[in-house]
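First the structure, in the form of structure tokens, and then the observations on it.
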Amino acid sequence: MKDCLVITELAKEFCAEIDRLSGCRISTRACRSAAEARKKYDGETVAFGNPQMIADAMPSMPNIEWVQSSWAGVTPLIDHDRRDYLLTGMK
């Protein structure tokens, strides 16, 4: 599984749940803000979390291939110029 950057105010809690429920090895990195995500980004290809925070960090994350929003709404990502990744939302 590809490494995942978790970007939300509840990043540590989400990382713990991913570890507990995944059934496979997923390396997660918790970030509680877009600024923290920009600093911690290390080539991860998956981002999960708050769509606004992810959109704010996207320019600093060139290898992202998949974004999973933790919300149903993904408007901040749809409104972003970048479109070279798979986007999924909670429905």
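The values are calculated or read from the model by the stated rules, or taken from the named source; none is laboratory data. What you see is a predicted model; the values in this text were computed from it and never measured. Don't worry about glycine lacking a Cβ; one is built from the backbone with ideal geometry, like all the others, and counts go over all protein chains shown. Areas reflect the complete protein model, heavy atoms only, side chains present, ligands, DNA and RNA absent. Shrake-Rupley method; radii C 1.70, N 1.55, O 1.52, S 1.80 Å.
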Note to self: Please go through the stretch 23-41 and give me each residue that is free of Cβ contacts under 8 Å to residues at least 12 places away in the same chain and either touching a Phe, Trp or Tyr at 6+ places or on another chain (Cβ under 6 Å) or not in a helix (DSSP H, G or I) (or both), ordered by number.
What the structure shows: 23
Checklist line | Any chance residue 13 is of a type outside the set (A, V, I, L, M, F, W, C), in contact (Cβ under 8 Å) with a residue 40 or more places away in the chain and either assigned to a loop (DSSP other than H, G, I, E, B) or open to solvent by 30 Å² or more (accessible area, probe 1.4 Å) (or both) | finding: no
Check: Out of all the residues in the stretch 46-73, which are at pLDDT 95 or above, surrounded by fewer than 17 Cβ atoms within 10 Å (Cβ to Cβ) and not in a helix (DSSP H, G or I)?
Finding: 62, 63, 65, 66
